[in-house]
């Protein structure tokens, strides 16, 4: 996190730990507000890569799972970057700006993805730059979210993944009637004050919870190179385009879609525990001979207590099974429906 921005957030009441806003003084009340009213938060746990140059579009189209060639100025796209074996190294939100493309992804993965993409530029007229230090990224949720951002970037439809921009500020509608706002660092305080007129500032875990209940997964360092896109439902949120040409892992991803069935799938669950389990933590089912039944992908405290989480679980596990977190004696999971249909 940029030092000046960190100082601004601290002056606004934020408790910042390792570049992430933990809370603004009352985590429990902030989480309750997230479920019931308008909130906004700093998203410095994400970073922004810029991919610019004449060949930026065809270069990205040949590397990523999403339809970069068909991406318009008015829409963003989820996508992912895979190994040749089809395992997800990172997933992201991608959109177009005047000089090229922007990729929003977790900061913990940004440096590795930056370096890997650079290796494959070769003779393409494309450059990849980390623009994180010169941008602020904010998330806004609630009934007034779209009204609030209109002052900054112009009217934004509530349809997911719509994009508007004005004077260097870009607003992107994301599932759950939410908006991500990306703007120049120097305009960060102004953007903050505009959003604060109608929403309460909250910690980053509140936004993580909103992603979780909307079924939006994020690969983290502990879960890199472990799942094909279908195991984490990325094709269900539009992150994989099956009519495009080759990209790393394309053959395996396509074979899974047309000739196979994932042996693991992303699920939404709740656990009556006080602390969110770490990404990658094993799950155990009572009828799986103590073999891992799956893994935690993302987790966050829930507004009414306990923890909500996204977990990749073996499809062979039956609804009657008890799945526990961490060990055969760990807390059990209560599975809940995702907001989209899962085959």
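Entry remark, the range 3-31: residues being crowded, with 16+ Cβ neighbours inside 10 Å and assigned to a helix (DSSP H, G or I) number 7 in total.
Of the candidates 156, 94, the single residue that is within 22 Å of residue 54 (Cα to Cα), crowded, with 20+ Cβ neighbours inside 10 Å and touching a strand residue (DSSP E or B) at 6+ places or on another chain (Cβ under 6 Å) is 94. From the list 123, 131, the one residue that fits, being without any contact (Cβ under 8 Å) to a residue 60 or more places away in the chain and surrounded by fewer than 20 Cβ atoms within 10 Å (Cβ to Cβ), is 123. Just to verify a result, which residue in the range 165-205, among those that are free of Cβ contacts under 8 Å to residues at least 40 places away in the same chain and in a strand (DSSP E or B), is surrounded by the fewest Cβ atoms within 10 Å (Cβ to Cβ)? Looking at residues that are free of Cβ contacts under 8 Å to residues at least 40 places away in the same chain and in a strand (DSSP E or B), I get 166.
Every number here is computed from the coordinates shown, using simple stated rules; none is lab data. Quantities reported herein were computed from a predicted structural model and do not represent experimental measurements. Note that we place each Cβ from the backbone using ideal geometry, even for glycine, and neighbour counts take in every protein chain shown.
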